[in-house]
Amino acid sequence: MTWRGFRSAELAFWAIWLGALWFMAILVAPGLFKWLPRPEAGLVAGRLFYMLALYSLVSSAALLVLSNLAGELRAGLRINILMAVILAVSVVELAWLQPYMNTLRAAMAGLQGDELAAMRSQFGNMHAISSVLYSVKMIGALVWGLSRFGVTKDSKPALASKA
């Protein structure tokens, strides 16, 4: 594959992954909780976020490899570290956070009163951690791609340079 082919594959892979991350956060998850009863919405959202965490694991690993594969494409140290952090966040989500939240969700099904309130509080804490990790992944993927594909604070719009 030529340099241009690697670059195009990398850009397409990044754009699809980034779009999936932001689409899920902005439209899908809020829509689920608007149109479905809360327990069902939580179950569906949990499964979708699990699938997206798997996709993020594959995507971040593939982009880390693609961005360093050819000599001309070697990514800088900062963006390699950023993608490694995103990869680590995906591993944490899959290995610890998702299973733990599923356990809490199942345990809440049979509880009432104070026990249910305590379990909901614990689930709320895990949801907050999940939201922070997901935000790190979304923003990290955006910053990674903008850095990788040459969008910097010093970049000038194409139209401005022609005037």
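The values are calculated or read from the model by the stated rules, or taken from the named source; none is laboratory data. Since this is a predicted model, take the numbers as computed values, not measurements. Backbone-built Cβ (ideal geometry, glycine too); neighbour counts: all protein chains shown.
Odds and ends about this structure:
- Residues that are small (Gly, Ala, Ser) and at pLDDT 95 or above were ranked within the stretch 125-163; the one that is farthest from the chain's Cα centre (by Cα) is Ala128.
- Some residue of the stretch 24-34 being at pLDDT below 95 and buried (at least 17 other Cβ atoms within 10 Å of the Cβ): no
- When the residues of the stretch 1-23 are filtered to those that are surrounded by 12 or more Cβ atoms within 10 Å (Cβ to Cβ), more than 20 Å from the chain's Cα centre (by Cα) and not hydrophobic (A, V, I, L, M, F, W, C), the one that is modelled with the highest pLDDT is Ser8.
- Val44 in contact (Cβ under 8 Å) with a residue 24 or more places away in the chain, of a type in the set (Val, Ile, Thr), over 27 Å from Arg7 (Cβ atoms) and touching a helix residue (DSSP H, G or I) at 6+ places or on another chain (Cβ under 7 Å): no
- Checking Leu146 against (1) within 26 Å of Ala15 (Cα to Cα); (2) touching a residue at least 12 places away in the same chain (Cβ under 8 Å), the condition it does not meet: (2)
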